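The values are calculated or read from the model by the stated rules, or taken from the named source; none is laboratory data. Since the model is a prediction, treat every value here as computed from it, not as a measurement. Glycine gets a Cβ as well: all are built from the backbone with ideal geometry, and neighbour counts include every protein chain shown. All accessible areas refer to the heavy atoms of the entire protein, side chains included, with ligands and DNA or RNA removed. Shrake-Rupley method; radii C 1.70, N 1.55, O 1.52, S 1.80 Å.
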Amino acid sequence: MSDVLLQVRGLRKSYGALAVTDDVSLDVQAGQVHAIIGPNGAGKTTLIAQLSGQLSPDAGRVVYDGNDITHLDMPGRVRRGLARSFQLTRILPQLSVLENVAIAVQARSGSSFRFWRGAASEAALNDQAMECLSEVGLAQKAHLPARLISHGEKRQLELAVALATRPRLLLLDEPLAGTGPDEAAMLVDLLARLRSRVTMMLIEHDMGAVFQLADRVSVLVYGRIVASGTPDAIRDDPAVRTAYLGEEEGTP
Amino acid sequence: MSNLLLLQVLNGAQFGILLFLVAAGLTLVFGIMDFINLAHGVLYMVGAYLMASLSMLTGSFWWGLLLTLPATMLVGLVLEVAIFRRLYDRPHLDQVLATFALVMILSEGVKIIWGAAPLNVSMPNLLSGSIPLAGPIRFPVYRLAIIAAGLATAFGLWFVIGRTRIGMLLRAGAHDRAMVSALGVDIGRLFMLVFAFGAMLAGFAGAMVSPILSVDPGMGDQILILGFVVIVIGGVGSIRGAFVASLLVGIIDTVGRIFGPIVLKMVLELDAATQAGRTVAPMLVYILMAAILCWRPNGLFGRTSA
Amino acid sequence: MMSRRGMAALIIFALLAVTPPVLIFMGQGFFASVVTRMMIYAIAALSLDLILGYGALVSFGHAAFLGIGAYAVLMLNSLGVTDIAAQFGAAAVAAAVFAAITGTIALRTRGVYFIMITLAFGQMLYFFLISLSVFGGDDGASLPARSTIMGQGWLDHDLALFYLVLGILALCFLGLTRLTMSRFGRVLIGTREDALRMQAIGFRILPYQLTAYVISAMICSVAGVLLANQLEYVSPQLASWQRSGELIIMVVLGGIGSLTGAMTGALFTIGLEEGMARISEHWKLYFGLLLLAVVLFSPGGLATLAARITGKGRPE
Ligand SMILES: Nc1ncnc2c1ncn2[C@@H]1O[C@H](COP(=O)(O)OP(=O)(O)OP(=O)(O)O)[C@@H](O)[C@H]1O
Ligand SMILES: [Mg+2]
């Protein structure tokens, strides 16, 4: 299991004079959880945005599964199995929880240029959506309007939607942000279960979760990767401790 | 023929300059407040009507013009305070509807006050007459005066926006509203000022045009939509873009209407060519807009992000 | 099970169906033609609601498609083609082509840009129609005769036209109701709610928006064909920007994003205009004031206003 699923080379992105992504290169091995940690404003979300195709980099290459996808748009990447979750929850508020997931299933199953038959009664879509919801523990809320569920539940929904795209590589932008301890524990369990199926790039501030899940950790500071290695190596790296972990009270 | 072309280019430039006066206010309001104001054309019309009344009342073109400027500014202020400021944070659709309602109200109001029949404003003696252009062709002094007044205004705007503190705030505001607030500037006051000033420019354009066009209740519509075309071509929020695009639109529209049928007729040598030319000419500026959009979706001088 | 709005729609259609006999019985048969016009605008409003209410695309050039439909009748008529099916077909094709071209350009942009560009393209068509001196230029031209159905002049009877319009309105309502609940409709609603989210689950949204735009244009052109028949007169004014504004007003007054709302909005707006025009020559002033008041004080349209007054909260 040492195939490289995602290869990033010399990625750069600047806003004016501010280099938000500064010559980032990294490899994500298939089947692993690759965590990216770094202080607020380090450029983690911007990195995900470029890997997912939301933003185009100023320079550099992104190679996924052996193909150069630097210029592929976001929908194209999603269809190849490169999905993401958002740090700030993006759900479709007027749709039900189930529909939020079913529409993601719909995106990959058959044409959506169908104008007559009711989508809500398509059992195939609903069943798969229900499975994803059960997986994240949200099945009992399936029929509520998505705007009415709690913040923690929206985080679960965010994850269910990403799963519904059947990803091979999941880019997770702070999936635990804003969840309570119980929800967080549940989500960590879920991610632990998922890792056998899905390769993950995990951005997270919760060091407990990071060191519990990650096979590999890269540290991003001011847009640069300052260290990369196994969780143990990173924990012991003095440069990392001063740059980042020192203030964060990393829980081993 | 080339003399005729020169004449039409000058006419086009004069039209473009008027367009600029209207578009400048529009584009500032768009760029800085992200506010779409369909009633801007009506301000142009109101300017022309006020000019008609005030110049008649005072018996002087000059007094009329002098009084029209603050009067349209006042109209703009009243509208801003009473209505527009409630709409800045609303969706664009609400802005469209509310300002469309204003168009209905003001157009009808103008009809009630001044009647539906077109009015005329007489030209001041100083600016009547014409000067020789080339050969037998002459150009009206008044139209030259419009060009001069418009250029002076454009220069003034360039100076204010490029060289003064208010201009600096405006440019910053167009870029990042929160930042201007952070500088401790009362953003509400700034908006009010921009609005009133934009209204005055539109009113000025209306007043200036009143001696050469008949003043009627529909006169604001055409200029409003061409103003949009100008903004789309020039890029939202860019005064420079508005200037270049105004001249472009003014000249292409004017020259196209006269020369389109002639040129087509020469090429096609058919009677149908005249009709084709007459059909295509008024569409030229819109086709230009479409072409520029394909090439640069944010307009010639628009910001390049999203 | 039927939703409250579905129920409301059914009641509206039932009421419309019995209008002509009742009016004739009351000796006010003339008003049937007003109701015909109300229903034609309801078709146009439904079509606009598809992109405005479900796609969140503020198109300010929709009257262009009314104009295309109306001029299709006039032009085909002058060529001797009076069959209404042929006219519907030609109108729909022309509208689809115009919508596909202008939509492709306009949909590359967002927000205020989209509004201005659709407005500008609408105006372009308006000037095109004005330039057609064969068809009366500025003034337009009257239709020598109404369209025929299978060679028969049935539509010369106002009642026949009334029920044809009612039937087409019902068809459009049904079709659009299905469409908004279909896979396609769900995608369209998704793009309204959050375009980035839709892309992040694998949808390229432009083809969906463009398709909606084209469908909407085609339906509106059908309304244009009917309007030419009802008025027996065709002029560029049908495609003016004020008309586009009025169409938006209808949709918004009725409650945006609800087909029943768009339909009632159109019926109400045209009815109100007709009524006001009878009372005052300056009805536009009062209409404008009313509209301004609704926008400023009741952003959800008349539906929310009514709900607030009757204390029922926001209608779902
Ligand atoms: N569109 C933009 N324009 C200008 N600057 C931006 C833009 N987007 C992000 N930035 C800046 O880039 C830097 C990195 O932002 P980013 O959101 O990627 O950080 P992050 O590591 O995800 O932070 P956090 O932990 O808070 O989520 C920040 O300083 C931010 O202000
Ligand atoms: Mg972030």
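Below is a table of values for the structure above.
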| item | result |
| --- | --- |
| Around A:TYR222: net Lys/Arg minus Asp/Glu count, Cβ-Cβ under 14 Å | +2 |
| Alpha-carbon spread of the range C:36-237, three principal axes, descending order, Å | 55, 35, 24 |
| With all protein chains modelled, accessible area of A:CYS132 [1.4 Å, Å²] | 20 Å² |
| Relative contact order for chain B, counting Cα pairs under 8 Å that sit 6 or more residues apart, in percent | 35 percent |
| Anchor A:LYS154: lysines whose Cα lies under 27 Å away (excluding residues fewer than 8 positions away in-chain) | A:LYS44, A:LYS141 |
| Filtered trypsin sites (Lys or Arg not before Pro), the range A:73-126: DSSP coil and at most 13 other beta carbons within 10 Å | A:ARG117 |
| DSSP-loop trypsin sites (Lys or Arg not before Pro) across the range A:190-229, with at most 14 other Cβ within 10 angstrom | A:ARG197 |
| Over chain B: helical MRE at 222 nm, DSSP H runs n ≥ 4 each giving -39500 (n - 2.57), nearest 500 | -25500 deg cm²/dmol |
| Selected from C:SER235, C:SER147, C:SER78 as most flexible by GNM, with chain C as the system and alpha-carbon contacts under 10 Å | C:SER78 |
| Inverse mean reciprocal Cα-Cα distance (Kirkwood Rh) of the range A:1-101, Å | 14.9 Å |
| Cα centre as origin, Lys/Arg/Asp/Glu Cβ charges: the range C:36-237 dipole, Debye | 880 debye |
| Reachable lysines from B:LYS111, criterion Cα separation under 21 angstrom, eight or more residues apart if same chain | C:LYS284 |
| The protein assembly as shown: Cα Rg divided by the 2.2 N^0.38 Å rule of thumb | 1.06 |
| Nearby aspartates and glutamates by direct alpha-carbon distance to B:LYS265 (threshold 19 angstrom, same-chain neighbours under 8 apart not counted) | B:ASP253 |
| Alpha-carbon radius of gyration plus Dmax, which is the widest Cα pair, for chain B in Å | 19.9, 67 |
| Candidates A:SER52, A:SER150, A:SER228: whichever shows maximal mean-square fluctuation once chain A is modelled as a Gaussian network with Cα springs under 10 Å | A:SER150 |
| Area accessible to solvent at A:ASP206, 1.4 Å probe radius, in Å² | 60 Å² |
| Beta bridges per DSSP with both ends in the protein assembly as shown, % antiparallel, nearest 5 | 65 percent |
| About the Cα centre, charge dipole magnitude for the range C:216-297 (Lys/Arg +1, Asp/Glu -1 at Cβ), debye | 120 debye |
| Residue with peak Gaussian network fluctuation, chain A [Cα springs, cutoff 10 Å], from A:ALA227, A:ALA83, A:ALA102 | A:ALA227 |
| Within the range C:102-194, trypsin sites (Lys or Arg not before Pro) in DSSP loop having at most 11 other beta-carbon neighbours inside 10 Å | none |
| Chain A - percent relative contact order, Cα under 8 Å, separation 6 or more | 26 percent |
| Spatial separation of Cα centroids for the range C:236-252 and the range C:134-156, in angstrom | 22 Å |
| Chain C - percent relative contact order, Cα under 8 Å, separation 6 or more | 32 percent |
| Per-residue [θ]222 nm for chain A (sum of -39500 (n - 2.57) over DSSP H runs n ≥ 4, rounded to 500) | -9500 deg cm²/dmol |
